[in-house]
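Beneath this line is the structure, given in structure tokens, with notes to follow.
Each reported figure results from applying straightforward, stated rules to the coordinates on display, with no laboratory input. This one's a predicted model, so the numbers in the text were calculated from it and none came from an experiment. Neighbour counts run over all protein chains shown; Cβ positions are idealised from the backbone, glycine included.
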Amino acid sequence: MSDAVTALRGRSFTGMVTVEDAGPVGMVTVRADLADETVRAALAAAGSDLPEAGGLTWSDDGGTLWMSPDEALILCAADEAAQKASALARALDGSHALVADVSQARIVIRLTGRDALVREVLAKLSPADLRASAFPVGRVRRTRLGQVAAAFWFPAEGEAMLICFRSVADYAFALLSNAAAPGSDVGHF
Amino acid sequence: MLTLTCPYCGIPCDETELAAGGEAHLKRFGPGASDAEFEGYMFHRENPKGVHFERWRHAYGCGKWFLAARHTVTMEVFGTYEAQSTEPPQEVRDRITARHPGWTWRDFA
Amino acid sequence: MSHRLPSGGRLIDRDVPVSFTFNGKTFKGLRGDTLASALLANGQLMMGRSFKYHRPRGVVAYGPEEPNALMGLGEGKTFEPNARATTTELFDGLEAKSQNHWPSLEFDLGAINARLSRFLPAGFYYKMFMWPRGFWKHVYEPVIRQSAGLGQPPRKRDADRYEHFNIALDVLVIGGGIAGLTATLAAAAAGAEVMLVEETAHWGGRAAVDGGEIDGALASDWIAEMRDRLSAMSNVRLRTRTMGAGVYDHGYALLYERLTDHAPDTAIPRHRLWKVRARQIVVATGAIERPLAFAGNDLPGVMLASAVRDYVVNHAVVPGRRTVVVTNNDDGYRTALALKAAGLEVPAILDARTDARGPLSEEARRAGLRVLTGRGVSMVEGKGRVETVYACEQAGDGTVTEDFAADCVAMSGGWSPAVHLWSHAGGKLAWNDDECMFRPDPDAAPRGADGEVFVRAAGTANGAVTTQVVLRDAFAAGQAAAEATGRRATGRAPEAEEEVRQMMVPVWIMPENAPYKRRAKAWLDFQNDVKVTDVELAAREGFESVEHAKRYTTLGMATDQGKLSNINGLAVLSHALGVPIPSVGTTTFRPPWTPITMGAIAGEARGELFQPIRRTPMHDWHEKNGAHWEPVGHWRRPYAYPQGGESVHDAVSREVTAARQSAGLLDASTLGKILVKGPDAGRFLDMVYTNMMSTLAPGKCRYGLMCGENGFLIDDGVVARLDADTWLCHTTTGGADRIHGHMEEWLQTEWWDWKVWVVNVTEQYGQIAVVGPRARDVLEAVGGDMDLSKAALPFMQWKAGTLGGIPVKVFRISFSGELSYEVQVPAGQAPALWDRLLEAGDPFGITPYGTEALHVLRAEKGFIMIGDETDGTVIPQDLGLDWAISKKKDDFLGKRAQERDHMTDPLRWKLVGLHTLDGSVLPEGAYAVDEGVNENGQRRTQGRVTSTYHSPTLKRGIAMGLVERGPDRMGEVLDFAKIDGGVVKARIVSPVFYDPEGVKQDV
């Protein structure tokens, strides 16, 4: 199927850090009151433990990002997104919730390199406080990247994952590659 | 360049992550309202040199609307609170009173 | 004769010569020179011409306050105008040009203005160019534009890279002199995260030049040790060549880092604009020496006293062999002593004070220098540079007491704290009568979001004068800043010996009673050519406010923003007005501290990164197939696909005809798609749409209108009910994010107890419209599990299934009036489906069409377009859409507003069709003129064109427009005014030009 290719078509760039298409990722949006115990229990039963506000749960198989008090983004393997969406919808049946497969609406970019430099690249484009003390592994931040909306988090030291809308995939990739141009290290973090 | 803390996600937001939404605590007047009531709701706004209540949206973020109590001259922020409020929380009012005894804004004091 | 001393020069490296050009001539400097010091070393005293009179000007200052030595640097793609020679570090291959002269620096025709100077007083332009009125546009403006402006704009695209950088930290210290270093140490020792920035390449500021001892070490050694100590601290960041450009509300500061100006390299960023969110900011920006206002003070060779000794001490450069020092304070003596120590002549020190008994004047006398008290400069004369200095009694009228042959005058009028950054964020100033300076008022400091002080001034920027006071003040400021971030500060300030000084006396005009002729040659603002007499004239003419006087005279309005002229100017103004200086006040200090490049402001946002371009899933196909692009918001949509040598207009006609006669294919992916779900979703949609959506049956579609609370139409689109509690709302392309936000706003801020969730799934799907009489044949040829017959999928219904093995939702909706299917497909599979449709549609002549064909197709049917027929002042009733406004609902957004008398006025302009009598296409936006004039004396109008096209189907021009009582005036002929005069006659007709019964879309 053609959805094995993302809107970034597998691009990658290496400068002060490596910026690359993270490939197809399954993404399911859940709108529900995340503080509601029934909702939490239903999601946990469907295999998605909810993180605390501003946080994420993360493993090799996927994760759950806290997007707002009533929005979570479930990440999974691309070919499991449809099943995941149905499973979540079934689990939440009876609760006031909206589940939608949005795997194609967004793209995921991975940044890898020295932790300080990964943070520097993002700090060139986002007003988020990127000090490791303020933005540790395990937190997610929705913010602005240049002129578009994005969310990012650090799965581990020296690695950042970034999500943005599909239509601006090329812009976001060009933006990050430009910020990561060789020789433009800031030396601040 | 303002920094306002989103009461939903706790993030101190940069002004460029926010969208301003005008005056807070407006009461909606719909069909059945008099011309004067509708005019007041639709068009009349406070423009204080002093304490003010505003709506903001964490647009490049969690997407939530919140309210902010702010001084338009000193830029002091007395508090941000959820948009699902028909009046400012007492603690915010107390903070304003501590700085500006005797303040009023519309029907609030 | 060499202008470089044989020894000394703490910043230069004599082993590394540097070659550069000035006005095309090659010069040699040394590593460590600035462009200004290198030019002086080559005896090039004259560095530019003034703005108004084109007078020859030399360098006056040593740093960022320089008003005269402005250069055009580089060539072509790296050209930059108005760079100060004093802040330009020399590098091999630097190309500099002086500005504001023609044909050459030495011989300039514009200098005729100087001869005319008595005819060009303050406000001359305002007075002169008032009349005759018609002259402004055709005579004055072109001439002024020709001669106005400093420097030339770059003409080539900038080859350099720029970037932004966002950081948050505890304490930002601006200024790397001894105050900044000390404040940093104090804050860092308390554990705060501190960043210290210095705009030059060197730490230490003036102390490095002026010597003295700190903590028992030579100041220069102490500075080096302090730098090493701070760089070793993990919580400290140090950065040179980084200027504090501005301080703003809530601890926001802009820093301007110049990475490659001293060593050009287009591979790495040239400038980096730091956007800092600091909890505390310490402003340790030092002070600026004031010039003295005496006749001829703008001659090349007249310089600030501190600048003269900076050039001597830092670069071993000789600004003059014989320098007369004129001062009203002790500091001028430091220059005399430095010159003497360098073996240069100082024929006299003219001290305006009636006696001179401080330690510095004693030291000067001991060194054999001649000190004349109670004296000032009557005037300076020379051809193109200082030759003779005439001394006089400061208290007198300028009668010459003695004259000196000299080639340089070092003037010191006292020091003004650099309070700019303090003032940017609202810090107030207080006048200090003893030191004759405005200094930061500690009781009126800028306050942050928490209402607490967030800017602290330190050292000379705070009005401290002696080293000892500077160190103590800065240490206290650093500690206070750290404590404000929750740290506990301990430790003691570095120590310096107590200094005994003799107080300065204010001197604003030299001599005190200088006659008009002298005052008219005494410059206050060198860059903008404002003299003492100009400010006096402004006062006489009633410009009593300092802000008015500034604009009337242009005092302080040039690229240096009056760094040298402000205080002297307002002192002269206060003198002319007969009021004390503090009651005149200062003009407003605005960022940036010195100009920053447009490149730094733009950052990465240039070229392909200027703006995001949104791409649909089919973007690549469009590009490969010759799309003529149209920007729609940030999207790029194909306007048309011209084939072969076809014109765009012909392509549009071909595409329209194909959709009408066979089959067309449109990429409609940009349309907004919003899911609305929940037990209260129907109720919610009934509020946001004017029509009833709650009654829509699952499987069906309904066209809906959305209004704002003010009643005006904001968006339209087809709503489909997906299941019992889920609706899918289509919005316009521009409406996707806006309407999603609109829905969230009402749910969050008004009806927060309603159970509704909204998700914007616009980008999850591609949407492809298959349009035309053969549309069904095309879809059937693609094959799938769907029955697309009229019976199985009638008009205004939708169905899910697969097409060519791809999961889709098919909506039978039409924006063209033809048989039409809009196919929603997961975005990743949209290109594959697009290809399949083209392939399967080939036998039917399927033709991809763009946005212009879409517009023509909808206009032929009289369908409105948001943004064409609407402009934020149009209600649905104006557009004949009353049928889409529910009469059954008690409430919906806009309902109350639409009951206002203005909205129900029978004279409102309403939608009609327009047929030109000659079949031509009406001009876009043309107005239908009426008899008579309105209350403003303008021709009355009675309508306007909102959409106008050539219809290939009807083979004539068709238009839609809003006309006063239009629907009641069918058949009337109106006159539409053309821009170039004349009118086009058009008849009012029905807006539905094609298939008025609507049979074609329902087959």
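Brief remarks on what is shown
- Burial ordering of C:855, C:424, fewest other beta-carbon atoms within 10 Å first: C:855, C:424
- Computed from the Kirkwood radius of its Cα pairs, the Stokes-Einstein diffusion coefficient for the protein assembly as shown at 20 °C and 1.002 mPa s stands at 61 µm²/s.
- Cα gyration tensor category, rounded, prolate or oblate, for the stretch C:693-827 with a/c compared to 1.5: prolate
- Whole-Hz couplings from phi, Karplus 6.51/-1.76/1.60, listed for the stretch C:962-969; x for Gly and Pro: 9, 10, 3, 6, x, x, 7, 10
- Overall form of the stretch C:672-761 per C-alpha gyration tensor (a/c, 1.5; a/b vs b/c): rounded
- Crossing angle, helix C:178-189 versus chain C [Cα axis fit, 0-90 degrees, rounded to tens]: 60
- Angle of helix C:467-484 to the longest C-alpha principal axis of chain C, folded into 0 to 90 degrees and rounded to 10: 30°.
- Only Lys, Arg, Asp and Glu carry charge here, each on its Cβ (+1 for the first two, -1 for the last two); on that basis the protein assembly as shown has a dipole of about 2420 debye about its Cα centre.
- Cα gyration tensor shape for the stretch C:322-411, rounded if a/c is under 1.5, else prolate or oblate: oblate
- Among the listed pairs C:673/C:861; A:84/B:27; C:861/C:887; C:673/C:887, those beyond 32 Å (Cα-Cα): A:84/B:27
- Global size of chain C as Cα Rg and Dmax, reported in angstrom: 37.4, 114
- Viscosity 1.002 mPa s, temperature 20 °C, Stokes-Einstein D of the stretch C:517-645 from Kirkwood C-alpha radius, µm²/s: 113
- Distance from the stretch C:285-347 to the stretch C:838-914 (C-alpha centre basis), Å: 75
- Counting all C-alpha pairs of the stretch C:448-595, share separated by more than 28 Å (%): 41
- Dimensionless Rg/Rh of chain B - Kirkwood Rh, Rg from C-alpha atoms: 0.98
- With K and R counted +1 and D and E -1, the other residues having a Cβ less than 10 Å from that of residue C:263 yield a net charge of -4.
- Taking a sphere under 11 Å around the Cβ of residue C:432 and counting the other residues whose Cβ falls inside, with K and R at +1 and D and E at -1, yields a net charge of -3.
- Relative contact order (percent, whole number), the stretch C:322-411, Cα cutoff 8 Å, 6+ residue spacing: 30
- When each of C:383/C:521; C:677/C:700; C:700/C:895; C:531/C:563 is checked by Cα-Cα distance, pairs over 18 Å: C:700/C:895
- Rh (Kirkwood; distinct C-alpha pairs) - the stretch C:569-726, Å: 22.2
- The mean of 1/r over all distinct Cα pairs in the stretch C:163-219, once inverted, gives the Kirkwood hydrodynamic radius of 12.5 Å.
- Value of relative contact order over the stretch A:25-101, rounded to a whole percent, pairs C-alpha under 8 Å and six or more apart: 42
- From the largest down, the stretch C:906-1001 spans 49, 32, 18 angstrom on the principal axes of its Cα atoms.
- Rh (Kirkwood; distinct C-alpha pairs) - the stretch C:244-357, Å: 17.6
- Chain A - Rg (one decimal) and Dmax (whole number), Cα, Å: 16.6, 56
- Working note: Debye formula, equal point scatterers on the alpha-carbon atoms of the stretch C:464-545, no solvent; log10 I(q)/I(0) at q = 0.12, 0.16, 0.18 Å⁻¹ is -0.67, -0.75, -0.80.
- Calculated over the stretch C:516-579, the projected area of the Cα convex hull averaged across directions stands at 3.7 nm².
- For residue C:530, distant residues with modelled amide H under 5 Å away: C:524, C:525
- Interatomic Cα distance distribution for the stretch A:25-101, bins of 10 angstrom, percent: 22, 61, 17, 0
- Cα centroid separation, the stretch A:133-189 to the stretch C:574-590 (Å): 50
- Proximity of backbone amide H atoms, modeled 1.01 Å from N, is registered between residue C:196 and C:173, C:237, C:238, C:239 at under 5 Å, excluding neighbours fewer than 5 places apart on the same chain.
- Linear extension gain, residue C:548 paired with residue C:490, 0.36 nm per residue minus alpha-carbon span: 16.1 nm
- Backbone HN-Hα couplings from phi across the stretch C:929-935 [Karplus 6.51/-1.76/1.60, Hz, Gly and Pro as x]: 8, 10, 6, x, 10, 8, 5
- Net charge contributed by nearby residues that have their C-beta within less than 13 Å of residue A:74 (K/R +1, D/E -1): -2
- Looking at the protein assembly as shown, the DSSP beta bridges with both ends there are about 80 percent antiparallel.
- Counting only alpha carbon atoms, the long axis of helix C:219-231 and the longest principal axis of chain C meet at about 30°.
- Distance between the stretch C:213-233 and the stretch C:751-777 - C-alpha centres, whole angstrom: 68
- For the stretch C:516-579, the relative contact order comes to 34 percent (Cα pairs under 8 Å, sequence separation of at least 6).
- Within straight-line reach of residue B:49, meaning a Cα separation under 21 Å, sit the following lysines at least 8 residues removed in sequence or on another chain: C:428.
- Antiparallel DSSP beta bridges within chain C, percent to nearest 5: 75
- Which of C:160, C:620, A:185 has the fewest Cβ neighbours within 10 Å, and the rest in rising order: C:620, A:185, C:160
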